[in-house]
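These notes are about the structure you will find just below.
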Amino acid sequence: MTQALPTTAALVSPDRRLGARDIQTLFLASLGGALEFYDFVVFVFFALPLSHLFFPPNTAPWLAQLQVYGIFAAGYLARPLGGIVMAHFGDRQGRKRMFTLSVFLMALPTLAIGLLPVYASVGLLAPLLLLIMRVVQGVAIGGEVPGAWVFVAEHAPRGRVGFACACLTSGLTVGILIGSLTAAWINHHLTPAEVLAWGWRAPFLLGGVFGFIAVWLRRWLSETPVFAQLRERKALSRELPLRNVLASHGGSVVLSMAVTWMLTAAILVLILMLPSLVQKSFGMAPDVAFLGNSIAAFSLGVGCIAFGWLVDRIGAAWALLLGSVALVAVTYGLFGDLAAGGAHFLPLYALTGFLVGTVAVVPTIMVAAFPAPIRYSGLSFAYNVAYAVFGASTATLIGYLAERAGRMAPAHYVAITAVVSVLAALWLLGNGRGRGELTD
């Protein structure tokens, strides 16, 4: 029997402005998320040296890079496991506990990657160890990102959920910026030989330190008011939260998966993979590619805040609709410019990064799709399964398409996912769920 769920109106903070305590919570959660997300994404910025170091020297360069992207994708395939397990305990025992555990599980393998032996030293054991560390990272991030969104949304006053989720999302993108700046600095100050010899290890060792700092920061956070009241009223889900999700909230799962597809494409293709793509497909110098990526990552953080502000004023569905259409236009503009020689690469990439900030609308839609007692499990299952399917396939697929199907293939892929988001936004508007408010 499905348990009757209490109304969200009784569980969320009342309408008010963000206070000092809210701002502290957003800052600490966002900073911790930035440090952890750096750990997860820095891998892709060093795909080229890793492809040389962790596979046999006679491997074709395109195949070695494809194999590294496959290991990168393994982290996404592992996300559902971490997400499902941590979300179960997050819905039953508290958001804060899982929020702290996830960042600890990320710090350990990141530090270990920086210490791994390479293929020349231990042969096939090298890529195997790299794969294992990447899987552990995936388990950690699978619990971290959905838990972070739920955590800040349940701390936020009504009418400020969009901004709260966007702040957290912006914090996660700062992790991408830190990774991009680190890669840019290393590629600028070290020779290719030095990067291969030892320079590639530095960002992972630094990431391990970042992770332990994030663990320390989260000790200052408190449990969400929503969960505290659920526990006090004995209104926690009495059956397995995920069973409730699958039995009664299939539509919300499909909706969340649909908008997650656009999020994965925008982040992976336009932010994480583009520095490598523009070097291989358009012949751009590494310094320029990573400079552009750093500017785009900064613009992404600003764009997330802007779209979060927009959500609280015009609703999540309208913000998603407008942002998705604009993202398609600027993506084609960027790739068209690259095909013509890249004369306007930096300003166009900055604008693209800003409009990738549309992804900040996605968590608001997802947290609003599920009721409080099963919110963590519902969001985590939908988001992580979708990210595992789309995220794991995107890196390998785009790498292959860029080689075989033409240089504009990545832009076409992003456009397809944006069209899906437009359809999701129209569905929300048609069903009167466009505001993105927490549901009963």
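Filtering region 380-437 to residues that are modelled with pLDDT under 80 and among the basic types (Lys, Arg) leaves 404, 433, 435.
Filtering 372, 306, 382, 316 for residues that are small (Gly, Ala, Ser) and either open to solvent by 10 Å² or more (accessible area, probe 1.4 Å) or farther than 30 Å from residue 239 by Cβ (or both) leaves a single hit, 306. Evaluate region 225-245: report whether one residue or more is touching a residue at least 40 places away in the same chain (Cβ under 8 Å), within 29 Å of residue 356 (Cα to Cα) and either in contact with a Lys or Arg (Cβ under 9 Å, 6 or more places away or on another chain) or not in a helix (DSSP H, G or I) (or both). The answer is no; no qualifying residue exists. When 27, 37 are checked against the criterion of being among the aromatic types (Phe, Trp, Tyr), open to solvent by less than 40 Å² (accessible area, probe 1.4 Å) and either touching a helix residue (DSSP H, G or I) at 6+ places or on another chain (Cβ under 8 Å) or assigned to a helix (DSSP H, G or I) (or both), 37 stands alone in meeting it. Residues that are in a helix (DSSP H, G or I), more than 20 Å from residue 270 (Cβ to Cβ) and open to solvent by less than 20 Å² (accessible area, probe 1.4 Å) within region 50-78 comprise 50, 51, 64, 71, 74, listed in sequence order.
Close Cβ contacts (under 9 Å, 6 or more residues apart or on different chains) running from residues in region 169-192 that are in contact (Cβ under 8 Å) with a residue 24 or more places away in the chain to residues that are buried (at least 23 other Cβ atoms within 10 Å of the Cβ) and not in a helix (DSSP H, G or I) comprise 183/46. Taken together, the residues in region 79-113 that are open to solvent by 70 Å² or more (accessible area, probe 1.4 Å), modelled with pLDDT under 80 and of a type in the set (Phe, Trp, Tyr) amount to 1. Here region 395-431 is the region considered, the condition is being among the hydroxyl-bearing types (Ser, Thr, Tyr) and touching a Leu at 6+ places or on another chain (Cβ under 8 Å), and the residue that is surrounded by the most Cβ atoms within 10 Å (Cβ to Cβ) is 421.
The values are calculated or read from the model by the stated rules, or taken from the named source; none is laboratory data. Computed from a predicted structure; not experimentally measured. Counting neighbours? That spans all protein chains shown, and the Cβs are built from the backbone with ideal geometry, glycine included. Surface areas here come from the heavy atoms of the whole protein model, side chains and all, with no ligands, DNA or RNA. Shrake-Rupley method; radii C 1.70, N 1.55, O 1.52, S 1.80 Å.
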